[in-house]
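Every read-out reported here was derived from the displayed coordinates using simple, explicitly stated rules and does not represent laboratory data. Every value quoted in this text rests on a predicted model; they were computed, and no experiment measured them. Don't worry about glycine lacking a Cβ; one is built from the backbone with ideal geometry, like all the others, and counts go over all protein chains shown.
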Number of protein chains: 2
Amino acid sequence: MSAENTSANYHHKSLVIGLFGFGVVGEGLYKVLNQTPSLKATIKKVCIKNAGKPRQAPAELFTTARDVLLNDPEINVIVEVIDDSVAAFEIVKTAFKNGKHVVSASKKMIAEHLEELLQLQQETGQSFLYESSACASIPVIRNLEEYYDNDLLHSIRAIVNGSTNYILTKMFEDKLSYRDALIQAQQLGFAESNPKLDVEGYDAVNKWTFLLTHAYGIITNPLELLFTGIQNVNAFDAQVAGEKGRVIRLVAQAKKLGNGKVAAAVLPQFITQDDHLSFVRNEYNGVVIESGFADKQFFYGKGAGSFPTASAVLSDISALRYDYKYEYKKLYHHTPLELTNDFYLRVYLSFDELAEIPKEKFEWIEEWHAREDRKYLVGVIHVRHLQTGNWWRENNTSLILQPDAIIENLELHNLKKKSLQLAGIQFHHQFGGY
Amino acid sequence: MSAENTSANYHHKSLVIGLFGFGVVGEGLYKVLNQTPSLKATIKKVCIKNAGKPRQAPAELFTTARDVLLNDPEINVIVEVIDDSVAAFEIVKTAFKNGKHVVSASKKMIAEHLEELLQLQQETGQSFLYESSACASIPVIRNLEEYYDNDLLHSIRAIVNGSTNYILTKMFEDKLSYRDALIQAQQLGFAESNPKLDVEGYDAVNKWTFLLTHAYGIITNPLELLFTGIQNVNAFDAQVAGEKGRVIRLVAQAKKLGNGKVAAAVLPQFITQDDHLSFVRNEYNGVVIESGFADKQFFYGKGAGSFPTASAVLSDISALRYDYKYEYKKLYHHTPLELTNDFYLRVYLSFDELAEIPKEKFEWIEEWHAREDRKYLVGVIHVRHLQTGNWWRENNTSLILQPDAIIENLELHNLKKKSLQLAGIQFHHQFGGY
């Protein structure tokens, strides 16, 4: 059974790649491809923005003219790993129209143009693969596509941003300040060039936007989802978490409710030790999927960095050899699910002044603590009060989800009744006394 | 973007299935398929052994005649989930020759006939998919096929047998006796009908045999691998583990050594709290993969049970719609790696009588403890001493790997030197004094 007489069984396309971007990921990909001749994929040309920079590759490989790649009939795959989502979308659009498959790592571009990108794939029939754009080395998109299309996906919870997870881990474990932890993340090369994108949750919610499509067939816009980042998480919150044996993580989550609709959010959350996500430290990412048949599954791997990202790009390139495309089965072959904003969240809120907190918006308050430096409460609130106001992100207020935070309307009544029976629980009409 | 005008883009085969076996997995599959009409796969006929048993499906679905399925030209997929590996192999062979794709869950059959099955796939060009046969709900084969073909796979460590893992968990956490834990596992339906297959490691080593093919291109025979099960793990071992903050798991592992060859074994191992595998409890399975580009990845999910297995079978069926086959890239497109038996293991050994232990076989002994009821030692030994003798499985002797057990020849010299410098370490020539 030698390699000679068997490889003939597999007639793969030869892939000629036009690469946009030669930053950490682009250069990583170039190195990785050079180490894997078996793939029979070659980079014919690399389009860069700044011709002057010294690069560790032959000069004749580079050009600053997009069309050299996009109009080259020999190039059949465009790989796009640039930082500019506007330019990226133009490149992808043209590539599709010129009959080229596209591999992309631009989560922002994909999230913002999801509907158009779906349309373009339909019209042109080209493959558009972007495994590297969410959770880098974890094959989350492919697994959602291939393994849950026939299964009842109860919920999916994930840490999708390596940079914020690194910062939170360092704040908790090494007691680093937020600023020092951020600088470390940037030096290690897994923070976005604009830290706001990571820290304020934009990167995570971008990824969540299209993961919701693969998980549930939902098409939405990142700004329509309830989200924030870790910008308000502080040492006081970390101390409270520690006292309860918990850590804080930025968690993207979605849950199918009893009414068939999906509740989704990207928010910091307290994580108990028995939660799989407590396992996810530093720049790693993790995905917990609960489904009807497969039950609970957990995927864990590096979510950021040059090689993990390049290796995911490479897997997409590899899949193009047998004309793989995402089928978006939940969107096209099933009845796509709808998002809902009609559910409740159990939240922790820390703040300096009670006067800043609209306590009347809470269904009830379960805990109430005042310390010298800062105060906090734990209560149940309808999401509309978070979606219509900014009060929970302002005035040094920090909102963190409790474990098992999502409460359905149906559950609320029972919980309320139970809560009333418990001593020491303060409903909002009794809250004025404090 | 309605379902009507888009699904036309995907011309999938319609799948007509002939199913062999209607036990927990077969019946699970039947139920799951009935709940997923979108798959457009139908079970035309089910072949069973015992016609008399009452079954929750229409009587006309069943037959006891193999050829009714195998010779039906309309049936294009044979799904085989029977317990008899001899019959299974006959069925698969005939199915291939009759131009049918095959989905199988028979790990024993696959492990024992690996080479012939590879040959048959080559000759007939039919797909042969068996994701459910290893780790049930974890897509480990597909991920090894798709995600590490271009990456340097340093090591893979896995818990692949849900039944033994359940027993070990119950022994540790609920202090159940081995016997009671086994009965529970059987009652819950995730133990093999012959418990010896699980408990003595046969099931795990069977799975490991073909996972080594997908991971490293290795073709071997289960009985050539160094393995045992959990039959000798006892309460004393559990107590020692507990004192050191460790648990015991049956771990299948393989590691690429410095000389380019692969060390592999399936043995019980002490697992520290920071090891991903410590996370894997009850009937769950877990796989930790370390690679050059993606770094460390961890996959976790239910490794046994009717629905997790049926859901993996279903994923294979689903993949057949676009003519997916395993490419065995490491075997055919790369230079396959070789197994080696030239390495050392750091082991814990507990026993009743020192006289039974060939202490001269150890390179050195690092720890030595005698208690009233039982004794144990920790030492470094060459694998040939385990492969050529049965002493470590007999006379109530229990062998458990230490964490990071595999030691390469190159490392040994340095370790020896270091060990000599440490007080209290007993080399075998000093050991006679005890």
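General observations
- Ranking A:406, A:94, A:219 by Cα position along the charge dipole of chain A, where only Lys, Arg, Asp and Glu carry charges on their C-beta atoms, puts A:94 farthest toward the positive end.
- Highest mobility in the GNM of chain B, judged by mean-square fluctuation with C-alpha springs under 10 Å and restricted to B:73, B:195, B:308, is found for B:73.
- Tensor-based shape of the range B:266-413 (alpha-carbon gyration tensor, a/c under 1.5 rounded, otherwise prolate or oblate): prolate
- Surface/4 of the Cα convex hull for the range A:62-188, nm²: 10.8
- Computed from Cα positions, the angle between helix B:178-187 and the longest principal axis of chain B comes to roughly 10 degrees.
- Segment residue A:360-residue A:243, extension gain: residue separation times 0.36 nm, minus the distance between their alpha carbons: 39.3 nm
- Most fluctuating residue given options A:55, A:281, A:246, as computed from a GNM of chain A linking Cα atoms under 10 Å: A:55
- Selected from A:128, A:70, A:23, residue furthest toward positive end of dipole (the range A:3-133; charges at beta carbon): A:23
- Theoretical ellipticity at 222 nm over the protein assembly as shown - DSSP helices of four or more residues, -39500 (n - 2.57) apiece, nearest 500: -9500 deg cm²/dmol
- Of the three principal axes defined by the Cα atoms of the protein assembly as shown, the extents in descending order read 77, 69, 66 Å.
- Radius, Kirkwood style, for the range B:157-303 when every pair of distinct Cα atoms is counted (Å): 15.6
- Straight-line cross-link reach from residue B:44 at under 17 Å between alpha-carbon atoms covers these lysines, not counting any fewer than eight positions away in the same chain: B:13, B:31, B:100.
- Residues considered: A:358, A:58, A:268. Largest GNM mean-square fluctuation over chain A, using C-alpha springs under 10 Å, is found at A:58.
- Gyration tensor (alpha-carbon) shape descriptor, the range A:44-118, a/c threshold 1.5: oblate
- Relative contact order for chain B, counting Cα pairs under 8 Å that sit 6 or more residues apart, in percent: 16
- The ranking of A:359, A:330 by Cβ neighbour count inside 10 Å, starting from the fewest, reads A:359, A:330.
- On Cα atoms only, tilt of A:114-124 relative to the major axis of chain A in degrees: 30
- The charge dipole of the range B:310-355, taken about its Cα centre with unit charges on the Cβ of Lys, Arg, Asp and Glu (plus for the first two, minus for the last two), comes to roughly 360 debye.
- Relative protection proxy for B:204-213, B:63-72, B:121-130, from highest mean packing down: B:204-213, B:121-130, B:63-72 (other beta-carbon atoms within 10 angstrom).
- For the range B:3-133, the normalised intensity computed at q = 0.09, 0.17, 0.18, 0.19 Å⁻¹ comes to -0.27, -0.90, -0.99, -1.09 (log10 of I(q)/I(0), Debye sum over alpha carbons, equal scatterers, no solvent).
- Each of B:47, B:135 was scored by other Cβ atoms within 10 Å of its Cβ. Arranged with the fewest first, they read B:47, B:135.
- Rounded to 10°, Cα long-axis angle of helix A:85-97 versus longest principal axis of chain A: 50
- Relative to the Cα centre, the charge distribution of the protein assembly as shown, modelled as +1 at Lys and Arg Cβ and -1 at Asp and Glu Cβ, gives a dipole magnitude of about 160 debye.
- What the Cβ-Cβ distance of residue B:352 and residue B:179 gives, at R0 = 22 Å and to the nearest 0.05, is a FRET efficiency of 0.65.
- All alpha carbon pair distances within the range B:43-83 were sorted into 10 Å bins beginning at 0; the resulting P(r) in whole percents reads 27, 60, 13.
- Once the chain from residue B:57 to residue B:342 is taken as fully extended at 0.36 nm per residue, the excess over their C-alpha distance is 97.2 nm.
- Contact order relative to length of the range B:3-133, as percent, for alpha carbon pairs under 8 angstrom and 6 or more apart: 22
- Distances in nm from residue A:13 to the matching label points in the other copies, shortest first (labels 7 Å along Cα to Cβ): 2.1
- For chain A, a crude dipole built from +1 on the beta carbon of Lys and Arg and -1 on the beta carbon of Asp and Glu, taken about the Cα centre, is about 340 debye to the nearest 20.
- As a ratio to 2.2 N^0.38 Å, the alpha-carbon radius of gyration computed for chain A takes the value 1.06.
- Among residues other than residue B:113 with Cβ under 12 Å from its Cβ, the summed charge is -1 (Lys and Arg +1, Asp and Glu -1).
- In nanometres and ascending order, the distances from the residue A:322 label point to those of the other copies are 1.0 (point 7 Å from Cα along Cα→Cβ).
- Rounded to the nearest 5, the antiparallel percentage of DSSP beta bridges internal to chain A is 70%.
- Here the residues B:141, B:167, A:400, A:183, ranked from fewest to most Cβ neighbours within 10 Å of their Cβ, fall in the order A:183, B:141, A:400, B:167.
- Distance from the range A:280-307 to the range B:253-316 (C-alpha centre basis), Å: 14
- Centroid-to-centroid, using Cα positions, the range A:362-385 and the range A:180-239 are 24 Å apart.
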